[in-house]
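Shown next, in structure tokens, is the structure this report addresses.
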Amino acid sequence: MKIPSTEVIIVGAGFSGIAAAKKLHEAGISFKILEARDRIGGRVFTRYLKDDLYVDLGGQWIGPTQDRMYELCKEYGISYFETYDEGKNILNLRGKIRTYKGIIPKMDPISLINLDILMRKLERMARQINVQSPWSHPKAQQWDQITLEDFLRKNSKTKSCFEVIKIGCETIFACELTELSLLHALFYIRSGTSLETLINIKNGAQQHRIVGGMQRIAEAMAAAFREHLLFESPVDKIIQRTGELEVISGENSFSANHVILTVPPPLLKRIQFEPGLSSEKRKLLDQYPMGRVGKCFMIYESPFWRDANFSGQVVSDDPLTHQTLFDCSPVDGKYGILMGFMIGNRADDYFSNDEKDRKARMISQLVRYFGDKANEPIQYIDFTMSDETWSKGCYAALMPVGAWSNWRDAYRKTEGNLHFAGTEAATVWHGYIEGAVQAGESAAMEIIEKKKKEKV
Ligand SMILES: Cc1cc2nc3c(=O)[nH]c(=O)nc-3n(C[C@H](O)[C@H](O)[C@H](O)COP(=O)(O)OP(=O)(O)OC[C@H]3O[C@@H](n4cnc5c(N)ncnc54)[C@H](O)[C@@H]3O)c2cc1C
């Protein structure tokens, strides 16, 4: 079926697509959003288990300097609350459990000094990166030729230092550390302000959670233009002709003057383009894998660990379960929820087992940390976006060794009237929801400015 033309087609109704649509709506420019799934939010997905019980299966935290997220909360009257961060944290290293306070786990003094020096070094290097052009740093070539893991191994003098920084970085980047270049890691850190900001709860990227779940924000943003959203409409092909684009989704064909693409890179690769995308973009897409992370939630009648002065935070090298664990209970503490991140190969292994086994693994670990009460959850739920046809992984795609030097900003470059957004096109808070919003807004602004010029 041929659908009457609209000025802009937006592909994908994650935060980036919805943010682009909001800008176009406010500017009075006509658009349609084509979304493959039957819901909005993309890599943000809030699941309600009961009226008063929900879990964020995808993105959930916001923190200082994510200004657009706080502005959106204010605009739509959506409340947020402090992530629970009181009491003792746990380090589970080589089978031994130790408690500690603050962000640095308790280790032998040499490992502690080593960790401090290493983190400062990463901070110093990241501060020198220009997020608009990471490849322009005098040492960019050198930093792009090694993986983050190579760098951490070289700079870790003790096993404990390496293991702790490795788990921390795996949680930040959601992958094996051999999968991204040092240069990408430095860009990512700079793009999110600093390493400390990315790690921290207080004054960091994990500071706040949204009352009612993160997906609420996307729903609130889309309420004003819901009728322009088409679900279960995966885009298969885009044909660019002079002055017009044809967007094909199944039996339907849409025409538009501009298209904004907000899909994750592996899914961009699945769309057929006529004429083809630039060779730089295609070559980058051939080697631009997504991170791998799953979340598991153990739900209790109350956050009982708080009574024993535990924060619920754990850092662990146990290969069978999570890397990190957080207290994700609701704001009123009506339920107690512990959320574990399984990352990289650990995620692949964990999710290859059946649910009964996954739950049993988690329970036995939680009993070690918090005692017998952990044996009595009221519910267990887990999820990984790696299994999702329309995400293919998360948190975001990662630039491997050599990619920044070879392809530079090819990913986000406009091609004709094709505009590229999504968190992977962001230079600020790249990989985060804030980045997705900013990239969506920039793509919309590019079209708005172009249209203004055409009118003059
Ligand atoms: C487990 C997990 C935890 C995370 N934690 C955080 C966090 O705490 N804080 C934070 O800021 N970020 C976090 N993130 C990252 C954050 O969720 C993402 O950066 C952000 O949601 C990406 O938004 P996006 O709009 O760029 O892409 P997406 O959300 O992926 O949106 C793209 C949309 O395009 C659709 N699509 C794909 N292909 C097609 C097609 N061919 N046609 C039509 N539609 C298509 C998809 O269905 C999807 O809805 C997390 C992510 C995950 C998965």
Quiz prompt | ³J(HN,Hα), Karplus 6.51/-1.76/1.60, whole Hz, each residue of the range 135-142, x for Gly, Pro | solution = 6, 8, 5, x, 9, 4, 4, 4
Quiz item: Applying the Karplus parametrisation 6.51 cos²θ - 1.76 cosθ + 1.60 with θ = phi - 60° to the phi angles of the range 401-406, what ³J(HN,Hα) value in whole Hz is obtained for each residue in order, glycine and proline being reported as x?
Solution: 3, x, 5, 5, 5, 7
Quiz item: Considering the dipole of the range 107-199 built from charges on the beta carbon (Lys and Arg +1, Asp and Glu -1) around the Cα centre, which of 162, 193, 174 is farthest to its positive end?
Solution: 193
Self-check item: Cα-Cα over 27 Å, subset of 32/450; 392/413; 202/392
Solution: 202/392
Quiz item: What FRET efficiency comes out for the pair residue 123/residue 146, r = Cβ-Cβ distance, R0 = 22 Å, nearest 0.05?
Solution: 0.75
Exercise. Please work out the Cα convex hull volume for the range 1-83 and give it in Å³ per residue.
Key: 140 Å³
Practice problem: Determine, for each peptide in 411-424, 231-244, the mean count of other beta carbons within 10 angstrom over its residues, then list the peptides with the highest first. | Solution: 411-424, 231-244
Self-check item: Nonlocal amide H pairs with residue 193, under 5 Å, H built at 1.01 Å
Solution: 429
Quiz prompt | Anisotropy class of the range 107-199 from Cα gyration tensor, a/c 1.5 cut | solution = prolate
Exercise. Please get the size of the charge dipole for the range 107-199, origin at its Cα centre, with Cβ charges of +1 on Lys and Arg and -1 on Asp and Glu, quoted in debye to the nearest 20.
Key: 360 debye
Quiz item: How far, in nm, would the chain grow between residue 237 and residue 413 when pulled straight, counting 0.36 nm per residue and subtracting the alpha carbon separation?
Solution: 61.4 nm
Quiz item: For the range 412-419, in order, what is each residue's ³J(HN,Hα) by Karplus, 6.51 cos²θ - 1.76 cosθ + 1.60 with θ = phi - 60°, in whole Hz (x at glycine and Pro)?
Solution: 8, 6, 5, 10, x, 10, 9, 10
Quiz item: Alpha carbon centre of the range 54-69 versus the range 114-149: separation in Å?
Solution: 26 Å
Quiz item: Could you state the number of Å between the C-alpha centres of the range 185-213 and the range 356-394?
Solution: 24 Å
Exercise. At a temperature of 37 °C and a viscosity of 0.692 mPa s, determine how fast the range 330-456 diffuses translationally according to Stokes-Einstein, using the Kirkwood radius over alpha-carbon pairs as Rh; express D in µm²/s, rounded to the nearest whole number.
Key: 176 µm²/s
Quiz item: If the chain between residue 355 and residue 456 were fully stretched, how many nm would it gain, using 0.36 nm times the residue separation less the Cα-Cα distance?
Solution: 30.3 nm
Quiz item: Where nothing but the Cβ of Lys and Arg (+1) and of Asp and Glu (-1) is charged, how large is the charge dipole of the chain around its Cα centre, in debye to the nearest 20?
Solution: 1040 debye
Quiz prompt | Estimated FRET transfer efficiency (residue 279, residue 348; beta-carbon r; R0 35 Å; 0.05) | solution = 0.65
Quiz item: Quick one: which of 88/159; 154/281; 74/101; 281/455; 88/295; 106/154 span more than 25 angstrom between C-alpha atoms?
Solution: 154/281; 74/101; 281/455
Self-check item: Cα pair distances of the chain binned at 20 Å [whole percent]
Solution: 25, 56, 18, 1
Quiz item: Amide H to amide H under 5 Å from residue 43: which residues, 5+ apart in sequence or cross-chain, H placed 1.01 Å off N in plane?
Solution: 15
Self-check item: Extension reserve of the residue 287-residue 317 stretch, reckoned as 0.36 nm per residue once the Cα distance is removed
Solution: 7.9 nm
Quiz item: Measuring from centroid to centroid over Cα atoms, what is the spacing of the range 291-338 and the range 10-32 in Å?
Solution: 36 Å
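We did not get these values from a lab; they are worked out from the coordinates using the rules stated. What you are looking at is a predicted structure, and each value in this text was computed from that prediction instead of being measured. All Cβ positions, glycine included, derive from the backbone under ideal geometry; neighbour counts span all protein chains shown.
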